[in-house]
Amino acid sequence: MSKLATNMAQLPCPFCGFGRSWVVRRKKRRCKSCRHEFCDSTHPVTGFRITADQWKKAVATFLRERTEKRIAEEAAVSQKTAQKIAHHLRVMMHGEIPEGSSGIVEMDEAYIGGQRKNKRLHIRRIQGKRGHGTDKLPIVGLFSRESGKVFVDVEPKKLDLAYILKTLKERVVPGSRIYTDGFKMYRKIPEIGYVHEYVDHAGGEYVRGDVHTNNVEGFWGIMKRKMGCIGGMRRGRLHLFVAEIVWKFNHRSLPLKDRERALLLLITLYKPGGTGQSLPVQQRRPRSSNRHSPKAAHIVLPCPRDTSFSCEGSTGLVREKPYFVNDDIILPAGVTPEA
């Protein structure tokens, strides 16, 4: 890469989000739009004017299950910034997907929607059902006994056979053993190349040898207890709170310091542009007579999940395409972990 291309690298400005800047001295860069000087090492996460020290304190407080008010106090930021930090961390956690499962995999579903007595009167008057006939939001979970990790997908539509088979084909290696409960929809699993065994909960059978779903059902209990502590959330943000619980569960064997390093590595390596193979960046910047006025750029970045699902992060990042996984850390194309 030429010296001119290096000087005009696509590094978004943390003040206005514009993607063109040049080197002025040492590691300092100057934005072509707002003319602010910034340093990539000073503000490690694009879209936040927060130092690396503040990020370390915010991540440590976030992983200790503290409130956003406590994050603001520990990191010395405003409460609004603390909310954006927590949201950004959940978006990054949502992007880190465990590798495909093999061996023995437990599969089960849960329904999220709160207690009926807490809903509005016109909803309480409708006769609701329990279990598979409920009107709550279905969530499908896969627990791998080999890795001890869980994969959870929040399905916004009705749970049907096509979705169950599609999830297994995408997340589980063919020929693996799938353990479920006695839900009749699971009886079609052997037709797509898996060994299926189940326990009939309706008949009072919960364990038969090593055939059971106790691990994934234990995770449902952990998830629902933590959601009860949050005190309610919008349905459109449910997948982010579930992703936070899943990420913490999958890294439960690591010490707290190692979990902090893993999460810091996850958010600092995910940068639009940079050296090597750059990410597709699309900027739509409104025209303005004053070129020095900060104007936020809309940046379109790859989506850590599939193209049918898009999520908007706290920094205006809209992810659309998947990118690869390396050692359980989501990395953009062309970016490698530093030694």
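The values are calculated or read from the model by the stated rules, or taken from the named source; none is laboratory data. Since the model is a prediction, treat every value here as computed from it, not as a measurement. Cβ placement follows ideal geometry from the backbone for every residue including glycine, while neighbour counts extend to all protein chains displayed.
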Within region 193-209, the residues that are within 21 Å of residue 102 (Cα to Cα) and surrounded by 14 or more Cβ atoms within 10 Å (Cβ to Cβ) are 194, 196, 197, 198, 199
Of the residues in region 201-228, those that are more than 17 Å from residue 113 (Cβ to Cβ) and part of a helix (DSSP H, G or I) come to 214, 215, 216, 217, 218, 219, 222
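In region 179-197, what residues are closer than 20 Å to residue 146 by Cβ and part of a strand (DSSP E or B)? So that I can check it myself, show each step before the final result.
Residues of region 179-197 that are closer than 20 Å to residue 146 by Cβ, as a first pass: 179-180, 189, 193-197.
179, 180, 195, 196, 197, listed by residue number.
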Of the candidates 117, 28, the one satisfying the condition of being modelled with pLDDT under 90, touching a strand residue (DSSP E or B) at 6+ places or on another chain (Cβ under 9 Å), on the phi < 0 side of the Ramachandran plot and of a type outside the set (S, T, N, Q) is 28
Residues in region 127-144 that are farther than 19 Å from residue 96 by Cα, at pLDDT 80 or above and in contact with a helix residue (DSSP H, G or I) (Cβ under 8 Å, 6 or more places away or on another chain) total 1
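For every residue, the table says whether it meets (1) crowded, with 18+ Cβ neighbours inside 10 Å; (2) touching a Phe, Trp or Tyr at 6+ places or on another chain (Cβ under 8 Å).
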| position | (1), (2) |
| --- | --- |
| 11 | yes, no |
| 22 | no, no |
| 32 | no, yes |
| 46 | yes, no |
| 50 | yes, no |
| 59 | yes, no |
| 70 | no, no |
| 89 | yes, yes |
For residue 114, the lone unmet condition from (1) in contact with a Pro (Cβ under 7 Å, 6 or more places away or on another chain); (2) over 17 Å from residue 244 (Cα atoms) is (1)
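Within region 66-119, which residues are among the polar types (S, T, N, Q), closer than 19 Å to residue 52 by Cβ and over 20 Å from the mean Cα position of the chain (by Cα)? Talk me through it step by step, then tell me what you get.
First, pick out the residues of region 66-119 that are among the polar types (S, T, N, Q): 67, 78-79, 81, 83, 101-102, 115, 118.
Next cut, closer than 19 Å to residue 52 by Cβ only: 78, 81.
Answer for region 66-119, where residues must be among the polar types (S, T, N, Q), closer than 19 Å to residue 52 by Cβ and over 20 Å from the mean Cα position of the chain (by Cα): just 78.
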